Amino acid sequence: MKIYYEQDADLSLLEGKKIAVLGFGSQGHAHAQNLRDSGLEVIVGQRPGSKNYERAVAAGFKPVSAAEACAAADVIVVLVPDQVQPILYEEAIRPNLKPGKMLMFAHGFNIHFGQIVPPEDIDVTMVAPKGPGHLVRREYERGAGVPALVAVYQDATGKALDRALAYAKGIGAARAGVIETTFQEETETDLFGEQCVLCGGVSALIKAGFETLVEAGYQPEIAYFECCHELKLIVDLIYEGGLAFMRYSISDTAEYGDLTRGPRVIGPAVKEEMKRILEEIRSGQFAREWILENQAQRPVMKALRRREAEHQLEEVGAKLRAMMPWLKK
Ligand SMILES: NC(=O)C1=CN([C@@H]2O[C@H](COP(=O)(O)OP(=O)(O)OC[C@H]3O[C@@H](n4cnc5c(N)ncnc54)[C@H](OP(=O)(O)O)[C@@H]3O)[C@@H](O)[C@H]2O)C=CC1
Ligand SMILES: CC(=O)[C@](C)(O)C(=O)O
Ligand SMILES: [Mg+2]
Ligand SMILES: [Mg+2]
């Protein structure tokens, strides 16, 4: 394993270069501001007429169209949603690629699954933060950083890795550690993580626990505090000191229940399903499904989003969170 830190990255490789950050959303707003605060020159490519445009202006940028940003830039970072990237690539990016420029991503989906095929005379790299965009900004501001993965898909200049590492340093990731990987490994592990553990697995676990208690006649408010609200407090301990520190902090009663019951909840059947989901990712089956879903104007996504929003957990949670104004961001 190769992991890089601040001393391994040379910011001067990007000094005097123009970096076009396309998109001012979750990752975009964080990368643009962190890079600028690191002393680098950033051009924000953001279409007008949206909240994100106003946010970019409020942050002191002068947003231009994606095409204009790409034409002016030496480094182009694609931080619009994955499903939008192939369209933006054809319309605004490809016509403005010149030999020696570097095209960058924060996730490998479109390159790995062949939705974007760049010309051979440019560098193609990735710096993928292992955390949500808003934390990429928040951590940077307090002198810390969110770890990231770095990968090189094409090295036309011979300097692709060093330039990508400079970028990783610019967004603050090198403070926490930047692990070298490939587009394939990043794409497959990122999709697996968000589907099975971080987002899909956790949401399903919370809902199953909540529903079990409510169906047994317990108060939904108590079920919410127990199975959802307190999760953050427990995860914070794991984040700080691993499972051992979490188990040190909880009662012996909780720890015994954890050790004996946890593996029954997440048993062999769950792991078997995880393996099937991983295979769908590796084979491209998930990618095809998601690409077609977008082409069909997202019928499944819309139906599922609606159904989720109507879940009792969300209703009860909104009511309880309103009484804790300090949670609001
Ligand atoms: N979210 C995260 O924390 C993480 C994301 N990533 C990766 O980073 C990349 C960006 O993701 P994320 O930050 O979530 O993206 P967002 O959904 O936050 O991106 C929103 C940005 O894209 C613009 N945009 C959306 N649709 C269009 C369109 N049709 N044409 C032009 N611009 C559009 C938005 O502009 P407007 O306001 O005008 O709609 C806005 O600037 C992805 O590759 C993702 O996989 C990687 C790690 C974590
Ligand atoms: C936040 C993150 O890393 C994710 C879950 O991979 C994503 O938003 O795609
Ligand atoms: Mg991720
Ligand atoms: Mg992801």
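The values are calculated or read from the model by the stated rules, or taken from the named source; none is laboratory data. Everything numeric here is computed off the predicted structure, so don't read it as measured data. Every residue, glycine as well, gets a Cβ built from its backbone with ideal geometry; the counts of neighbours run over all protein chains shown. Heavy atoms of the whole protein, side chains included, go into the accessibility calculation; ligands, DNA and RNA do not. Shrake-Rupley method; radii C 1.70, N 1.55, O 1.52, S 1.80 Å.
Residue by residue through region 1-41, note down the ones that are over 16 Å from Val178 (Cβ atoms), open to solvent by 40 Å² or more (accessible area, probe 1.4 Å) and in a loop (DSSP other than H, G, I, E, B). Outline the logic, then answer.
From region 1-41, those over 16 Å from Val178 (Cβ atoms) are 12, 15-26, 28-29, 32-33, 36-37, 39-41; that's our starting set.
Right, trim to open to solvent by 40 Å² or more (accessible area, probe 1.4 Å) and you get 12, 15-18, 26, 36-37, 39, 41.
Answer for region 1-41, where residues must be over 16 Å from Val178 (Cβ atoms), open to solvent by 40 Å² or more (accessible area, probe 1.4 Å) and in a loop (DSSP other than H, G, I, E, B): Glu15, Gly16, Lys17, Gly39.
Residues in region 90-108 that are open to solvent by 10 Å² or more (accessible area, probe 1.4 Å) and within 16 Å of ligand 4 (Cβ to nearest atom): Ala106, His107. Going by what's in this entry, would Ala166 be described as within 30 Å of Asp74 (Cβ to Cβ), over 18 Å from the mean Cα position of the chain (by Cα) and at pLDDT 95 or above? So Ala166 fits the description; yes.
Listed here are the residues, each with its yes/no results for (1) over 30 Å from Asp82 (Cα atoms); (2) surrounded by fewer than 15 Cβ atoms within 10 Å (Cβ to Cβ); (3) assigned by TED's automatic domain parsing to the domain that holds Phe113; (4) among the aromatic types (Phe, Trp, Tyr).
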residue	(1), (2), (3), (4)
Gly241	yes, yes, no, no
Arg261	yes, yes, no, no
Lys275	no, yes, no, no
Ile281	no, no, no, no
Ala287	no, no, no, no
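For region 42-60, the set of residues classified as open to solvent by 20 Å² or more (accessible area, probe 1.4 Å) and assigned to a helix (DSSP H, G or I) consists of Lys51, Asn52, Tyr53, Glu54, Arg55, Val57, Ala58, listed by residue number.
For region 294-320, name all the residues that are under 25 Å from the mean Cα position of the chain (by Cα), open to solvent by 80 Å² or more (accessible area, probe 1.4 Å) and charged (D, E, K, R). The answer is Lys302, Arg305, Arg306, Arg307, Glu314. Of all the listed residues (Glu186, Glu180), the sole one being in contact with a helix residue (DSSP H, G or I) (Cβ under 9 Å, 6 or more places away or on another chain) and within 12 Å of ligand 3 (Cβ to nearest atom) is Glu186.
If you filter region 118-128 down to residues that are without any contact (Cβ under 8 Å) to a residue 60 or more places away in the chain and not in a loop (DSSP other than H, G, I, E, B), you find that the one that is nearest to ligand 4 (Cβ to nearest atom) is Val127. Picking from residues in region 118-137 that are open to solvent by 10 Å² or more (accessible area, probe 1.4 Å) and more than 10 Å from ligand 1 (Cβ to nearest atom), the one that is farthest from Gln85 (Cα to Cα) is Arg137. In the set (1) touching a Pro at 6+ places or on another chain (Cβ under 7 Å); (2) open to solvent by less than 10 Å² (accessible area, probe 1.4 Å); (3) not in a helix (DSSP H, G or I), the condition left unmet by Gln115 is number (2). Looking across region 74-89, just one residue is charged (D, E, K, R) and surrounded by fewer than 19 Cβ atoms within 10 Å (Cβ to Cβ), and that is Asp74.
Would region 129-137 turn up any residue that is more than 16 Å from ligand 4 (Cβ to nearest atom) and farther than 15 Å from Ala106 by Cα? No: zero hits. For the residues Glu194, Glu186, the requirement of being within 15 Å of the chain's Cα centre (by Cα), within 30 Å of Glu315 (Cα to Cα), charged (D, E, K, R) and within 16 Å of ligand 1 (Cβ to nearest atom) singles out Glu194.
I need the full set of residues from region 165-196 which are open to solvent by 30 Å² or more (accessible area, probe 1.4 Å), under 22 Å from His112 (Cα atoms) and part of a helix (DSSP H, G or I), in order please.
Going through region 165-196, the residues open to solvent by 30 Å² or more (accessible area, probe 1.4 Å) turn out to be 169, 175-176, 179-180, 182, 184-185, 189-190, 192, 194-195.
Among the residues that remain, those that are also under 22 Å from His112 (Cα atoms) are: 179-180, 182, 184-185, 189-190, 192, 194-195.
Scanning region 165-196 gives Gln184, Glu185, Thr189, Asp190, Phe192, Glu194, Gln195.
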